[in-house]
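Here the structure is laid out as structure tokens; the discussion comes afterwards.
The values are calculated or read from the model by the stated rules, or taken from the named source; none is laboratory data. Quick caveat: nothing in here was measured; it's all calculated off a predicted structure. Reconstructed Cβ throughout: ideal geometry from the backbone, glycine too, with neighbour counts over all protein chains shown.
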Amino acid sequence: MRLFCSLALALFLGSACTLQAADETSKKPAEAKAEDTTTVKLRDLSLTLPKSWSASDQQSQMRLATYFIPAAAGDKDKGELAISTFAGGGGGIAPNLQRWISQFDAAGRKAVVKKGKAGANEYYIADISGTYQKSVGPPILRKTEPAPNYRMLGVIVVLPSEEVYFLKLTGPDATVKAQAETLRKSFGGKSEGEEDFEL
């Protein structure tokens, strides 16, 4: 009888442990699946971009490529990444960063500028949020309309050859904020190790 009780107790405890283990497993959050990427070469700049960022045929001699970024939950508009380069560097690092900042209304604007290294390349990144003066119509008309609760990640990548590339991601705040690290990874940047850059 004592042997029977011992076996019954062992079976009960074993079942309880199995149930507890199954319950613990069910509580664990599912790991996020890494998004598929593709490598894009634009002149001497290579970028690793998510396949969900759809390429546009909108390009020119200065604009090398345009990509549309899926809207985050709750956002109506998509994000837009414009990649450009200009002969002679485009007028300098600080003036271009300042120009991007000035595209947001001063009231309520927040701007943080950092400098980092991506392999042999230097980069500068401006994280700007607030009310963006969004371009509407043909660029030659220079017409804008206010877009509240917008964000921009403006990146300037400087190659050892002194070629300069401009990556400008704009869109609703949540949409752009969600892609900050993905944008950095696209050109080999990391937020760790970046330093404040004074304009």
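Before moving on, here are some points about what is shown:
- Region 160-186 residues that are more than 23 Å from M62 (Cα to Cα), paired with ones that are assigned to a strand (DSSP E or B) and acidic (D, E) (beta carbon under 8 Å, 6 or more apart): A180/D127
- So K28, is it among the basic types (K, R), surrounded by fewer than 11 Cβ atoms within 10 Å (Cβ to Cβ), modelled with pLDDT of 95 or more and out of contact with any helix residue (DSSP H, G or I) (no Cβ under 8 Å at 6 or more places or on another chain): no
- Of residues in region 106-147 being charged (D, E, K, R) and surrounded by 12 or more Cβ atoms within 10 Å (Cβ to Cβ), the one nearest to T175 (Cα to Cα): D127
- Whichever residue in region 133-184 is modelled with pLDDT of 95 or more, among the hydroxyl-bearing types (S, T, Y) and in a strand (DSSP E or B) and, among such residues, is farthest from G90 (Cα to Cα): Y150
- Filter pass, F166 being of a type in the set (A, V, I, L, M, F, W, C), over 20 Å from F68 (Cα atoms), crowded, with 16+ Cβ neighbours inside 10 Å and touching a strand residue (DSSP E or B) at 6+ places or on another chain (Cβ under 8 Å): no
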